[in-house]
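Encoded as structure tokens, the structure appears first; notes follow it.
The values are calculated or read from the model by the stated rules, or taken from the named source; none is laboratory data. This structure is a prediction, so every number in the text was calculated from the model and none was measured. Methodologically, a virtual Cβ is constructed for each residue, glycine included, from the backbone with ideal geometry; neighbour enumeration extends over all protein chains shown.
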Number of protein chains: 2
Amino acid sequence: MKLYSYFRSSAAYRVRIALNLKGLGYEYEGVHLLREGGQQLKPEYRALNPDGIVPTLVDGADVLTQSLSIIEYLEETHPQPPLLPERPVDRAFVRSVALQVACEIHPLDNLRVLKYLKHEVKTPDDVKDAWYRHWVEAGFESLEKRLARDERVGALTFGDTPTVADLCIVPQVFNARRFGIDLNAYPTITRIADHAGQIDAFARAAPGQQPDAE
Amino acid sequence: MKLYSYFRSSAAYRVRIALNLKGLGYEYEGVHLLREGGQQLKPEYRALNPDGIVPTLVDGADVLTQSLSIIEYLEETHPQPPLLPERPVDRAFVRSVALQVACEIHPLDNLRVLKYLKHEVKTPDDVKDAWYRHWVEAGFESLEKRLARDERVGALTFGDTPTVADLCIVPQVFNARRFGIDLNAYPTITRIADHAGQIDAFARAAPGQQPDAE
């Protein structure tokens, strides 16, 4: 398999963790989101992934896009170890945490949105920074409430074994810290992220460990 | 089952279609996103769903959130008729189309984001309207390319039977039309949405057919 990735991309980071947890080797192909006006927007890459975003996973003749869809595919084709619990209601809980990060926080704070705010909306830097902080804080505030009261939460989101929820939480916490956001109000989220970060599959997927890290 | 919904919510619309396709009856509970400063932000509703967004599905003692997680839950607990194909690579294709709408378009154009732009970023109305249009057009442009070249596309996204991809496309096209966006550049997307719209389960889920429609 070949993964088109950018070291700092949250969505690519999720897939790298999944591949590592499943014990799947892959070829790493860096796509630099800032160089040459964005390598993800070049015709060569868009021929593969018309969205012009990372990650893309190529598995034989198949081209897979959208991180959560790729992770479900890996779960179905390489079931061990599972990244989802057994019971449908628990799977729904885990998926809802993943989607809360992937649909409510990440889409608002990713690079192309911040660029649009700056260049098209002409948003001043301080207002753009407040925008970034707002969506992390709004999302983490409700996620913290959900996790703090749910008995299924253990050292990780669902007990002590990694699930797709942790795969989304870790990159989002990494990004929030990189941006300097105060995370003291989210002790459950940061505890989960820090615990997961110690696990080898997560540690090897971290941005600083990638071939294209700067 | 009880569905907390708002007639115009895209995410609630997806779940209504799924419930109808599965032939599942449910109690409809309207949550008005504009009245009383937003009924979804009231403590009573947030006790159920801390995110303060719709939909929420209550199934016995279980509270389920995030539309795509709810739909996967319905798929697992009521497998017939299936809303996902059989082969993992086809499931990944269908899920990636659903996620492209749910992660790349919808999160940027929903009500709370437009409100934040208006009140916090102080974005003029014409710039806010251009923002809305931009994310629909950027998302539809690449989705159209993917669908137009994929041999799996039939009358609907995957052949002729409804999948979770169609459940996401139909509400997004409905919203885009309501906003007056010119969709002539996306013939495959609109063809799929129009075909799906004729199917009874989709037609009954339409905003205008809901008890809280205005």
### Message
Please go through (1) over 20 Å from A:ILE192 (Cα atoms); (2) not assigned by TED's automatic domain parsing to the domain that holds A:ARG16 for A:ASP150 and return the number of the only condition it doesn't satisfy.
### Response
(1)
### Query
Quick check, is A:VAL89 among the β-branched types (Val, Ile, Thr) and either in contact (Cβ under 8 Å) with a residue 40 or more places away in the chain or surrounded by fewer than 24 Cβ atoms within 10 Å (Cβ to Cβ) (or both)?
yes
### Conditions (1) in contact with a helix residue (DSSP H, G or I) (Cβ under 8 Å, 6 or more places away or on another chain); (2) among the acidic types (Asp, Glu); (3) modelled with pLDDT under 95; number of the one not met by B:GLU36
(1)
### Query
A:ARG8: in contact (Cβ under 8 Å) with a residue 40 or more places away in the chain, within 17 Å of A:HIS106 (Cβ to Cβ) and in contact with a Ser or Thr (Cβ under 9 Å, 6 or more places away or on another chain), yes or no?
no
### Message
Which of the numbered conditions does A:VAL15 fail, given that it passes all the others? Conditions: (1) in contact with a helix residue (DSSP H, G or I) (Cβ under 8 Å, 6 or more places away or on another chain); (2) among the aliphatic types (A, V, I, L, M); (3) facing another protein chain (nearest Cβ under 10 Å); (4) within 25 Å of B:GLU86 (Cβ to Cβ).
### Response
(3)
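Yes or no, residue by residue, for (1) modelled with pLDDT of 95 or more; (2) more than 17 Å from the chain's Cα centre (by Cα); (3) among the charged types (D, E, K, R):
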| residue | (1), (2), (3) |
| --- | --- |
| A:GLU141 | yes, yes, yes |
| A:ALA148 | yes, yes, no |
| A:THR163 | yes, no, no |
| A:CYS168 | yes, no, no |
| A:ARG204 | yes, no, yes |
| A:GLN210 | yes, no, no |
### Query
Got a sec? Which of B:GLY208, B:GLY180 is assigned to a helix (DSSP H, G or I) and out of contact with any strand residue (DSSP E or B) (no Cβ under 9 Å at 6 or more places or on another chain)?
B:GLY208
### Message
Among the residues that make up segment B:28-42, is at least one of them without any contact (Cβ under 8 Å) to a residue 40 or more places away in the chain and closer than 29 Å to B:ILE199 by Cα?
### Response
yes
### Query
If you scan segment A:159-173, which residues turn out to be in contact with a Pro (Cβ under 9 Å, 6 or more places away or on another chain) and either in the same structural domain as A:SER9 (by TED's automatic domain parsing) or loosely packed, with under 15 Cβ neighbours inside 10 Å (or both)?
A:GLY159
### Query
Any idea which residue in segment B:86-99 is farthest from the other protein chains (Cβ to nearest Cβ), counting only those that are basic (Lys, Arg) and in a helix (DSSP H, G or I)?
B:ARG91
### Residue ranges of helices (runs of 4 or more DSSP H) in segment B:100-158 with at least 2 members surrounded by fewer than 19 Cβ atoms within 10 Å (Cβ to Cβ) and more than 8 Å from every other protein chain (Cβ to nearest Cβ)
B:111-119, B:125-149
### Task
Please enumerate the residues belonging to segment B:14-67 that are among the basic types (Lys, Arg) and touching a Gly at 6+ places or on another chain (Cβ under 7 Å).
B:ARG46
### Query
Looking at B:ALA205, B:ALA176, B:ALA185, which one is farther than 21 Å from B:VAL136 by Cα and aliphatic (A, V, I, L, M)?
B:ALA205
### Query
Which one of B:VAL101, B:VAL113 is aliphatic (A, V, I, L, M) and free of Cβ contacts under 8 Å to residues at least 60 places away in the same chain?
B:VAL113
### Query
Of all residues in segment A:174-194, which are of a type in the set (A, V, I, L, M, F, W, C), closer than 22 Å to A:GLN210 by Cα and surrounded by fewer than 24 Cβ atoms within 10 Å (Cβ to Cβ)?
A:PHE174, A:PHE179, A:ALA193
### Task
From the list B:LEU34, B:LEU68, B:LEU48, B:LEU83, pick out the single residue that is facing another protein chain (nearest Cβ under 10 Å) and either loosely packed, with under 14 Cβ neighbours inside 10 Å or among the hydrophobic types (A, V, I, L, M, F, W, C) (or both).
B:LEU68
### Breaking point among (1) under 17 Å from A:SER5 (Cβ atoms); (2) at pLDDT 95 or above; (3) touching a helix residue (DSSP H, G or I) at 6+ places or on another chain (Cβ under 6 Å); (4) more than 9 Å from chain B (Cβ to nearest Cβ), for A:VAL58
(3)
### Query
Exactly one of (1) touching a strand residue (DSSP E or B) at 6+ places or on another chain (Cβ under 6 Å); (2) crowded, with 23+ Cβ neighbours inside 10 Å; (3) of a type in the set (Asp, Glu) is unmet by B:GLU27. Its number?
(2)
